[in-house]
Amino acid sequence: ELKVEQNPLFLSMQEGKNYTIYCNYSTTSDRLYWYRQDPGKSLESLFVLLSNGAVKQEGRLMASLDTKARLSTLHITAAVHDLSATYFCAVDITSSGSARQLTFGSGTQLTVLP
Amino acid sequence: NAGVTQTPKFQVLKTGQSMTLQCAQDMNHNSMYWYRQDPGMGLRLIYYSASEGTTDKGEVPNGYNVSRLNKREFSLRLESAAPSQTSVYFCASMGGTVYGYTFGSGTRLTVV
């Protein structure tokens, strides 16, 4: 059974600081997604990582994937208040049939303080 | 640009009542999914459908049934609602790994 673990679960950081969220998973996969969720809202896709060594950047967020270590990171640079949200990683595997399916981590609730 | 549409957005049920959550996508995707999200947790897969006419159980299928009515529509049915099914339900579809999964806006269900 695939396990996806994120840490930390809660992160409170000052504006302007840097930090990294970690996502470890237990089964071989080369496809990983990062999502953002604001309170009471749906999931917004941030990054799609499709191969070992993949690195994607958008604004103050950068995501990477190391399939050999089964690890993805989401790095936040010079945090601003607007980044406050819950961030989820999700690992994509092929099920016993033909459909791919996502298994989610528990999420990291990020609060950026002024 | 509708994407994935879920109805209703909010629902309150009494224990034992039944209801169907509707989901439709207009992106011609083959695969569709139902997830539930409980407070402080990630999403857990209830059922999925790889293509029209096929459905499979996910991690937490007990108490639910699904129907893949056609390529666009995938419904989730609670036959006899229980308080433990109070949750936010998300439908998603996936047509290819490059673009990933598209999620609906969610249905907030409370069972009293």
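The values are calculated or read from the model by the stated rules, or taken from the named source; none is laboratory data. Keep in mind that what you see is a predicted model, and the values were worked out from it rather than measured. Note: ideal-geometry Cβ built from the backbone for every residue, glycine included; neighbour counts use all protein chains shown. The area values use the complete protein model at the heavy-atom level, side chains included, leaving out ligands, DNA and RNA. Shrake-Rupley method; radii C 1.70, N 1.55, O 1.52, S 1.80 Å.
Quick look at the numbers
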item: In region A:29-57, residue nearest to the other protein chains (Cβ to nearest Cβ) [restricted to those that are among the charged types (D, E, K, R) and within 13 Å of the chain's Cα centre (by Cα)]; result: A:31
item: Those residues of region A:65-114 which are without any contact (Cβ under 8 Å) to a residue 40 or more places away in the chain and within 11 Å of chain B (Cβ to nearest Cβ), in sequence order; result: A:94, A:95, A:96, A:97, A:98, A:99, A:101
item: Scope region A:66-103; condition open to solvent by less than 40 Å² (accessible area, probe 1.4 Å) and under 10 Å from the mean Cα position of the chain (by Cα); matching residues; result: A:72, A:73, A:74, A:86, A:87, A:88, A:89, A:90, A:91
item: Meets criteria (of a type in the set (D, E, K, R), surrounded by fewer than 17 Cβ atoms within 10 Å (Cβ to Cβ) and within 20 Å of residue A:104 (Cβ to Cβ)) for residue B:14; result: no
item: Tally, over region B:39-56, of residues that are within 11 Å of chain A (Cβ to nearest Cβ) and either farther than 13 Å from residue A:103 by Cα or surrounded by fewer than 19 Cβ atoms within 10 Å (Cβ to Cβ) (or both); result: 10
item: Any chance residue B:20 is part of a strand (DSSP E or B), within 14 Å of residue B:93 (Cα to Cα) and β-branched (Val, Ile, Thr); result: no
item: Which listed residue is of a type in the set (Val, Ile, Thr) and within 17 Å of residue A:110 (Cα to Cα), from A:67, A:77; result: A:77
item: Every residue from region B:40-84 that is more than 21 Å from residue B:101 (Cβ to Cβ) and in contact (Cβ under 8 Å) with a residue 40 or more places away in the chain; result: B:77, B:78, B:79, B:80, B:81, B:82, B:83
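Listed here are the residues, each with its yes/no results for (1) in contact with a Cys (Cβ under 7 Å, 6 or more places away or on another chain); (2) buried (at least 19 other Cβ atoms within 10 Å of the Cβ); (3) more than 8 Å from chain A (Cβ to nearest Cβ); (4) closer than 23 Å to residue A:88 by Cβ.
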| site | (1), (2), (3), (4) |
| --- | --- |
| B:37 | no, yes, yes, yes |
| B:58 | no, yes, no, yes |
| B:68 | no, yes, yes, no |
| B:71 | no, no, yes, no |
| B:77 | no, no, yes, no |
| B:82 | no, no, yes, no |
| B:90 | no, yes, no, yes |
| B:100 | no, yes, no, yes |
